Amino acid sequence: MAETIIIRVQSPEGVKRITATKRETVATFLKKVAKEFGFRNNGFSVYTNRNRTGEITAAQNKSLNLLKIKHGDMLFLYPSSPAGSSSETMDTSVSQSLRPAGAPQVVEDEIDQYLIKQDGKIYRNRDQQLCRHGPLGKCVHCVPLEPFDEDYLNHLEPPVKHMSFHAYIRKLTGGADKGKFVALENISCKIKSGCEGHPPWPEGICTKCQPSAITLNRQKYRHVDNIMFENHTIADRFLDFWRKTGNQHLGYLYGRYTEHKDIPLGIRAEVAAIYEPPQIGTQNSLEILEDPKAEVVDEIAAKLGLRKVGWIFTDLVSEDTRKGTVRYSRNKDTYYLSAEECITAGNFQNQQPNICRLSPDGHFGSKFVTVVATGGPDNQVHFEGYQVSNQCMALVRDECLLPCRDAPELGYAKESSSEQYVPDVFYKDIDKFGNEITQLARPLPVEYLIIDITTTFPKDPVYTFSISQNPFPIENRDVLGETQDFHSLATYLSQNTSSIFLDVISDFHLLLFLVTNEVMPLRDSISLLLEAVRTKNEELAQTWKKSEQWATIEQLCSTVGVPLSGLQEYGAMGGSTHAVAAAMWACQHCTFMNQPGTDHCEMCSLPRT
C-alpha cells in the first residue's frame with residue numbers, strides 16, 4: 001500500500017490539510033484541493049512558494065514524489081484574479097492584498113484614503129538623560145512608537161481611552177503577514193438563510209444557522225476622534241430655539257471629515273451648518289417627523305462639499321433664569337445617553353455606514369456622531385459628543401434592543417419569540433465580592449454601548465458660510481413665527497447691503513430656501529451659485545446674479561411690500577429693480593406675475609384689486 005502523506009495548503013481563507021499518497025498524480029491532488037476549498041472549476045492556482053513561484057499544474061502529469069513534495073510540506077493557494085489586475089500600480093496592489101477574499105470593490109472616503117498613505121508612527125526626540133547613543137542612533141527610549149501604543153495614549157493630556165480606527169487597522173495589519181487574513185466582520189443577530197436540514201424557525205434551528213451569542217465589550221477604537229464646530233454662531237443659533245420656547249430641539253450636522261492631528265491617524269468631524277428637520281418638541285420629549293426635503297438637502301450639501309456627519313439635540317432645563325444657568329442632569333450618577341437615545345443613534349449610524357475595504361460587506365461601523373447640548377458641572381451649556389459601538393449598531397439593526405420604561409440608563413435585550421430568534425446577550429460585571437461575573441443583558445447598562453468623543457470650538461473661528469447680524473430665518477421654525485418666504489428674503493436682502501454679492505448669498509439656510517421653495521424652486525439652475533459658494537469665487541457669483549432666475553426672485557421680493565433700497569445693487573437686468581417691479585404685478589390670490597396693463601389675473605381670472 002502506498003505511503004499516505006498529509007500536505008498543508010494555505011489560502012486567504014486559512015490552512016487545510018489534504019491527505020494524499022506519494023505516487024498520486026498532480027491532477028488527482030488538485031481535484032482534492034478543489035473539493036476541499038469548494039471550487040467548482042479551475043479558479044485557483046497552487047504554488048510551492050509564498051511569492052507565487054513554482055506553480056503546480058495538472059498538465060505536468062507527474063506524481064507528487066517527482067515534484068519533491070513531502071509529508072508536512074506547505075503549499076500556497078491563490079484564487080484566480082480577474083484579467084488586467086496584474087497591471088495595477090503598487091499602491092493599488094497593496095490595497096488589494098489587504099482586502100479579504102470575496103470583499104467587494106469599494107471606494108473609501110477621501111480622509112480614509114489619505115490616512116492609509118500616512119506613516120502614522122509617533123516620533124520622539126532623543127532623551128538627554130536616558131539615551132546613551134549618538135545623534136543618528138535609536139534606542140527603546142526614542143524609537144518611534146506605533147499609533148496604537150496604549151501607554152502613549154494613556155499618558156496624553158487628557159488621556160485617550162480609544163485609539164483611532166486607522167490605528168486599530170494598523171494593529172490588525174501589522175506583523176509578518178501584514179494582515180493578509182484580516183477581515184472586519186459585521187455582527188449579525190439573525191438566523192442565516194438557506195439552511196435546508198430542518199424546518200424554518202420556530203420549528204427548527206441548528207448550529208450552522210444559529211447566530212452566536214454576544215458578549216458586550218467596551219470598544220477599544222472609535223471611528224471619529226473629535227467633533228469641532230467651525231464657530232460659536234452655528235451652535236448659538238441652534239440653541240436660540242430652546243431659549244425662546246423652552247422646548248427641546250434637534251438638528252442634523254453637515255460638515256466634512258478631516259485629519260485630527262492630536263491623535264495618531266485620528267479623524268475629526270468639522271461642523272459647518274445645522275439643518276433642522278420637521279419635528280415636534282416639548283420640554284421633555286422630541287418626535288422627528290417625515291422630511292420631504294431630506295434628499296434635496298443632502299444633494300445641495302454635497303454640491304457645497306459637505307455631507308451629513310451627525311445629529312445634535314438639546315436636553316436643557318433652566319435652573320436660574322436670572323443667572324442663565326441650566327441643570328446638570330447627565331453625569332456618572334444618572335446617565336450620559338439614555339437607552340432610547342442609544343437606539344436612535346444606532347439607527348442613524350446604520351443609515352450612514354463607514355465604507356471599509358477590509359470588510360466582506362464593504363462597510364464596517366460608522367462615522368456618524370451624536371452631540372448632546374446639556375448642562376455641565378458649572379451649570380452652563382456644554383456640548384458632549386458620542387457614538388455607539390458596532391455591537392449596539394448590530395443589536396439595533398436586527399431589532400434586538402429595547403429601552404426600559406422607568407430606567408433610561410438601562411436597555412433590554414429582547415427574548416426570542418415565534419416571529420424572531422434573538423441570540424443571548426451578555427455583559428461582564430463586578431459583584432459585591434470583587435469577582436468578575438457574566439450577566440444576561442436583561443436589563444443591561446447602556447454604558448457598555450457608548451463611546452465618548454471630545455467636542456470643541458476652534459481658537460480661530462472658521463466660516464464656510466458668511467455670518468450676518470440679521471441672518472436669514474432657519475427652516476421649520478414656524479412655531480416661533482420665523483418663516484421662510486419671499487417676505488423674509490426681501491427683508492434679509494434689504495438689511496444686508498454688502499457690495500460683495502457672495503457674502504450676502506453665502507447662507508446655508510438661504511440656499512436651501514432658494515432650492516426648496518414652492519413658488520420659484522431653483523434646484524436645476526443653482527449649480528453655478530453653489531460652486532461659487534463652495535470655492536468662494538465672487539466672479540462665478542456675479543455671473544449667476546445676472547441670470548433670469550435671480551431677476552425673477554427679485555421681482556417676487558418686490559411685491560411683498562418691503563422697502564428694497566438695498567436690492568438695487570443686485571439687479572440682474574442692469575436697470576432699477578423698482579422699474580421692473582412697477583411693470584409687472586402679482587396676483588393677491590395665486591401670486592402669479594402678470595404683465596402690465598391687465599386688470600384680471602391671467603392664471604386665476606380674478607380681479608387685480
Subject >> Output for segment 4-27, where each listed residue is over 13 Å from I69 (Cα atoms) and open to solvent by 60 Å² or more (accessible area, probe 1.4 Å) >> reply: E13, V15, K16, R17
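Here's the yes/no breakdown for (1) open to solvent by less than 60 Å² (accessible area, probe 1.4 Å); (2) touching a residue at least 24 places away in the same chain (Cβ under 8 Å); (3) polar (S, T, N, Q):
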{"residue": "K171", "(1), (2), (3)": "no, yes, no"}
{"residue": "V182", "(1), (2), (3)": "yes, yes, no"}
{"residue": "N186", "(1), (2), (3)": "yes, yes, yes"}
{"residue": "S193", "(1), (2), (3)": "no, no, yes"}
Subject >> Residue match in segment 205-213 (condition: surrounded by 13 or more Cβ atoms within 10 Å (Cβ to Cβ), among the aliphatic types (A, V, I, L, M) and under 31 Å from the mean Cα position of the chain (by Cα)) >> reply: no
Original post:
In segment 145-157, which residue that is in a loop (DSSP other than H, G, I, E, B) and closer than 22 Å to K171 by Cα is most open to solvent (accessible area, probe 1.4 Å)?
Top reply: H155
**OP:** Would you check which residues across segment 482-505 are closer than 21 Å to E539 by Cβ and not aromatic (F, W, Y) and list them?
**Re:** L493, N496, T497, S498, S499, I500, L502, D503, V504, I505
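This table checks each residue for (1) touching a Lys or Arg at 6+ places or on another chain (Cβ under 9 Å); (2) surrounded by fewer than 16 Cβ atoms within 10 Å (Cβ to Cβ); (3) part of a helix (DSSP H, G or I); (4) among the aromatic types (F, W, Y).
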{"residue": "I451", "(1), (2), (3), (4)": "yes, no, no, no"}
{"residue": "K459", "(1), (2), (3), (4)": "no, yes, no, no"}
{"residue": "T491", "(1), (2), (3), (4)": "no, no, yes, no"}
{"residue": "S498", "(1), (2), (3), (4)": "no, yes, no, no"}
{"residue": "D503", "(1), (2), (3), (4)": "no, no, yes, no"}
{"residue": "F513", "(1), (2), (3), (4)": "no, no, yes, yes"}
{"residue": "L529", "(1), (2), (3), (4)": "yes, no, yes, no"}
Original post:
Counting only residues that are among the small types (G, A, S) and either closer than 16 Å to I6 by Cα or in a helix (DSSP H, G or I) (or both), how many does segment 17-46 have?
Top reply: 3
Original post:
In segment 425-440, what count of residues is obtained for those that are touching a Ser or Thr at 6+ places or on another chain (Cβ under 9 Å) and either buried (at least 19 other Cβ atoms within 10 Å of the Cβ) or at pLDDT 90 or above (or both)?
Top reply: 3
**OP:** State yes or no: is T543 modelled with pLDDT of 90 or more and over 20 Å from V297 (Cα atoms)?
**Re:** yes
Subject >> Given (1) within 30 Å of A167 (Cβ to Cβ); (2) part of a helix (DSSP H, G or I); (3) not acidic (D, E), index of the condition T215 fails >> reply: (2)
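Considering only strands (runs of 3 or more DSSP E) fully contained in segment 332-414, which possess at least 2 residues that are crowded, with 18+ Cβ neighbours inside 10 Å and in contact (Cβ under 8 Å) with a residue 24 or more places away in the chain? Let's see the steps before the verdict.
Working: elements: 353-355, 363-366, 369-375, 381-388, 401-403, 410-413.
In segment 332-414, the matching strands (runs of 3 or more DSSP E) lie at 363-366, 369-375, 381-388, 401-403, 410-413.
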Original post:
Do we have E531 as more than 20 Å from T483 (Cα to Cα), over 29 Å from the mean Cα position of the chain (by Cα) and charged (D, E, K, R) here?
Top reply: no
**OP:** Consider N476 carefully, then state whether it is of a type outside the set (S, T, Y) and open to solvent by less than 40 Å² (accessible area, probe 1.4 Å).
**Re:** no
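Okay, residues lined up against (1) open to solvent by 90 Å² or more (accessible area, probe 1.4 Å); (2) not aliphatic (A, V, I, L, M):
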site: K117; (1), (2): yes, yes
site: R124; (1), (2): no, yes
site: G137; (1), (2): no, yes
site: V143; (1), (2): no, no
site: K161; (1), (2): yes, yes
site: H166; (1), (2): no, yes
site: G175; (1), (2): no, yes
Original post:
If a residue has to be polar (S, T, N, Q), at pLDDT below 80 and open to solvent by 40 Å² or more (accessible area, probe 1.4 Å) to count, how many in segment 48-94 make the cut?
Top reply: 9
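The values are calculated or read from the model by the stated rules, or taken from the named source; none is laboratory data. Computed from a prediction, not measured in an experiment: that's the story for all the values here. When we count neighbours, we look across all protein chains shown, and the Cβ atoms used for this are built from the backbone with ideal geometry, even at glycine. Just the protein is used for accessible areas: all its heavy atoms, side chains included, with ligands, DNA and RNA removed. Shrake-Rupley method; radii C 1.70, N 1.55, O 1.52, S 1.80 Å.
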